[in-house]
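Colleague: Shown below is the structure under consideration.
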Amino acid sequence: MTGIDTAADEAVVFCRDLMRIDTTNPGDDSGPGERRAAEYIAERLAEVGLGTELFEPRAGRTSVVARWEGTAPDRAALLVHAHTDVVPAEPAMWRYHPFGGEIADGYLWGRGAVDMKYFAAQMLAVTRARIRAGRPPARDIVLAFLADEEGGGHLGARWLVDNHPDLFDGCTEAVGEVGGYSAALPSGRRLYVVETAEKGVLWFRLTATGTAGHGSMLNPRNSVTELAEVVHRIGRHEFPARLTPTTRMFFEALAAELGETFDPADPAPLLKTVAPLERMVGATLRDIASPTRFDAGYKTNVIPSEATAEIDCRFVPGLEEQFEAEFRALVGPDIRCEVVFRLPAVETPFPAPLTAAMAASLAIEDPGCGVIPYLLPAGTDAKHFSRLGMACYGFAPLRLPDDFDFPAAFHGVDERVPVDAVRFGARVLHTFFDRC
């Protein structure tokens, strides 16, 4: 068995092991933390002689960083990062226990399967195999296994960037999650999407004040009613379509693949041909404001003096100020509107030597495939690393079954990843480390 075959098999084992470690991040300090996963990763790297540093800004919230020397120390370094925390899961709703790491029907089942312990496992397995074979990467690689991505990175990537930027000295580019996965065209040819942009994040808290009183009385200043009307208006509002350079490039490439015409005024119909991408890419065509929380009152027969709601907003790169002004106008002057969380949008040019290395690495394992950029509607730790001037890409390779709904697996019930896809990605990553 070759070293890469061993790495592919180890990636499956490591993914299963990491999924069996509960690293639930509920958004506060009540979860178990990432410490056990961090220690597991550090131990596996120590077995092949690669030193690591563990960082724990708060008990249990642990990240692991290692610098792996390449063959060309004069070249800029590359950051490759994954996060080890996961969102909560309710076991009663799952076919297999979310922290059981079961292998069944050709899939690895469990929380973190796609988000994103499979890539942490690929990184770990490929690094070990190459060190054992005496095969360093093409340039220095900083490996980061990060805590708290699901909480915005405050105790993970953001904390490291703020407190230990020296860890990333020389890194001009970064590779992380939500890219490098396949979508099948009607022709049977596969496209692999590389994430080169991310929407920004704005969370607003809206507060309506009114007159408290008895529920049996008429009350023209009911805070719940006033806030509900505004929340309904926001939830039903459709912001105008806005194509960034990345999104335009995606649709132009897709249209060329399909032999169709790209209409910038109505690009959405093109997505019908690549169903697994429709929901993910469709959400990038415009800004989105989603009401997610509503809180008011303490007793059914009491009209409260105050009601609050929280809105999760995602805006396309380059238009943060414009979006915020539009949102505040939508809210109106009678509701207090405050920003409680903000992350920037990022956008990186697609044609680059690094993306060419990605395409070449994929083509070796999947001859005839195509590679195109896309804008992620959500956010990753790339937002923090971009503050250090890095060009950030999502490239965590998977060749997926044509009918597998990859976007639905993120944070969903019965999250799973195909075992063969994990092995495939390990082989691609191995080649990429030669070409990066």
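Taken together, the values in this text are just the output of simple stated rules run on the coordinates, not laboratory data. The structure displayed is predicted, hence computed values, not measured ones. Neighbour counts run over all protein chains shown; Cβ positions are idealised from the backbone, glycine included.
Colleague: Based on the alpha-carbon gyration tensor of segment 1-66 and its eigenvalue square roots a ≥ b ≥ c, which shape applies: rounded if a/c is under 1.5, prolate if not and a/b is larger than b/c, or oblate? Kindly include the intermediate steps, with their values, before the conclusion.
Modeller: Working: a/c = 3.82, a/b = 1.67, b/c = 2.29.
Because a/c hits 1.5 or more and a/b fails to exceed b/c, segment 1-66 counts as oblate.
Colleague: Trypsin sites (Lys or Arg not before Pro), restricted to segment 203-309: which are DSSP loop and have at most 13 other Cβ atoms within 10 Å?
Modeller: Qualifying residues, ordered by number: LYS299.
Colleague: Then there's this: Share of antiparallel DSSP beta bridges in the chain, in percent to the nearest 5? Intermediate results must be reported in sequence, preceding the final value.
Modeller: On the way: 50 of 73 bridges.
The antiparallel fraction comes to roughly 70 percent.
Colleague: Once R0 is set to 51 Å, what does the formula 1/(1 + (r/R0)^6) return for the Cβ-Cβ distance between MET217 and ALA408, expressed as a FRET efficiency to the nearest 0.05?
Modeller: Values: r = 47 Å, r/R0 = 0.92.
E between MET217 and ALA408, to the nearest 0.05, is 0.65.
Colleague: Going by how many other Cβ atoms sit within 10 Å of their own, how do LEU398, LEU218 line up, fewest first? If you can, show how the numbers build up before the last one.
Modeller: On the way: LEU398 24, LEU218 6.
Sorted ascending by nearby Cβ count, the order is LEU218, LEU398.
Colleague: Evaluate the distance, in nm, between pseudo-label points positioned 7 Å from the Cα of ILE364 and of ARG293 along their respective Cα→Cβ axes.
Modeller: Here the modelled spin labels are 4.7 nm apart.
Colleague: So how do GLU229, GLU56 line up by other beta-carbon neighbours within 10 Å, fewest first?
Modeller: Details: GLU229 12, GLU56 16.
If I rank by nearby Cβ atoms, fewest first, I get GLU229, GLU56.
Colleague: What does the C-alpha gyration tensor say about the overall shape of segment 355-399? Classify as rounded when a/c is under 1.5, otherwise prolate if a/b is larger than b/c, or oblate.
Modeller: Working: a/c = 2.89, a/b = 2.08, b/c = 1.39.
Here segment 355-399 falls in the prolate category.
Colleague: Let me ask another. For SER30 and THR207 in the same chain, what is the full-extension length gain: residue separation times 0.36 nm, less their Cα-Cα distance, in nm?
Modeller: Numbers: separation 177, 0.36 × 177 = 63.72 nm, distance 2.71 nm.
In short, 61.0 nm is gained.
Colleague: State, to one decimal in nm, how far the label point of ASP266 lies from the label point of SER187, with both points 7 Å from Cα in the Cβ direction.
Modeller: 2.5 nm
Colleague: Could you list CYS369, CYS313, CYS15 so that the one with the fewest beta carbons within 10 Å of its beta carbon is first and the one with the most is last? Let's see the in-between values first.
Modeller: Working: CYS369 15, CYS313 22, CYS15 28.
In increasing order of surrounding Cβ atoms, one gets CYS369, CYS313, CYS15.
Colleague: From the Cα gyration tensor of segment 112-185, with a ≥ b ≥ c the square roots of its eigenvalues, which class applies: rounded if a/c is under 1.5, or else prolate if a/b is larger than b/c, or else oblate? Walk me through the numbers before you get to the answer.
Modeller: Values: a/c = 1.76, a/b = 1.09, b/c = 1.62.
Cα axes put segment 112-185 in the oblate bin.
Colleague: On to the next question. Just to check I understand the Karplus step: with θ = phi - 60° and J = 6.51 cos²θ - 1.76 cosθ + 1.60, what whole-Hz values come out for segment 368-382, glycine and proline as x?
Modeller: In residue order, the calculated couplings are x, 6, x, 10, 9, x, 8, 9, 7, x, 9, x, 9, 5, 4 Hz.
Colleague: Further question: Quick check on the chain: what does the Kirkwood estimate of hydrodynamic radius come out to from the alpha carbon pairs, in Å? If you can, show how the numbers build up before the last one.
Modeller: On the way: mean 1/r = 0.0437 Å⁻¹.
Evaluated on the chain, it is 22.9 Å.
Colleague: How much length, in nm to one decimal, is gained on full extension between THR71 and MET93, taken as 0.36 nm per residue of separation minus their Cα-Cα distance?
Modeller: In short, 3.1 nm is gained.
Colleague: Report the calculated FRET efficiency for GLU229 and ARG279 (r = Cβ-Cβ distance, R0 = 25 Å), to the nearest 0.05.
Modeller: Numbers: r = 29 Å, r/R0 = 1.15.
Computed FRET efficiency for GLU229 and ARG279 comes out at 0.30.
Colleague: Cα-Cα pairs above 21 Å in segment 198-343: how many percent?
Modeller: Values: 5658 of 10585 pairs.
It works out to 53 percent of all Cα pairs.
Colleague: Residues in segment 374-415, backbone N under 20 Å from the label point at VAL340 (7 Å along the Cα-to-beta-carbon vector): list them, ranges by number please.
Modeller: Correct set: 379.
Colleague: How far, in nm, would the chain grow between THR6 and VAL48 when pulled straight, counting 0.36 nm per residue and subtracting the alpha carbon separation?
Modeller: Values: separation 42, 0.36 × 42 = 15.12 nm, distance 1.43 nm.
Between THR6 and VAL48, full extension yields an extra 13.7 nm.
Colleague: Here is a further query. At a threshold of 8 angstrom on Cα-Cα distance, excluding pairs fewer than six apart, so keeping six or more, what relative contact order does the chain reach in percent? Could the numbers behind the result be given before it?
Modeller: Working: 936 pairs, mean separation 106.8, N = 436.
Normalised by residue count, the contact order of the chain is 24 percent.
Colleague: Can I ask one more? Could you compute the net charge surrounding GLU150? Neighbours are other residues with a C-beta less than 10 Å from the C-beta of GLU150; K and R count +1, D and E count -1.
Modeller: On the way: positive: none; negative: ASP85, ASP115, ASP148, GLU149.
Surrounding charge for GLU150 is -4.
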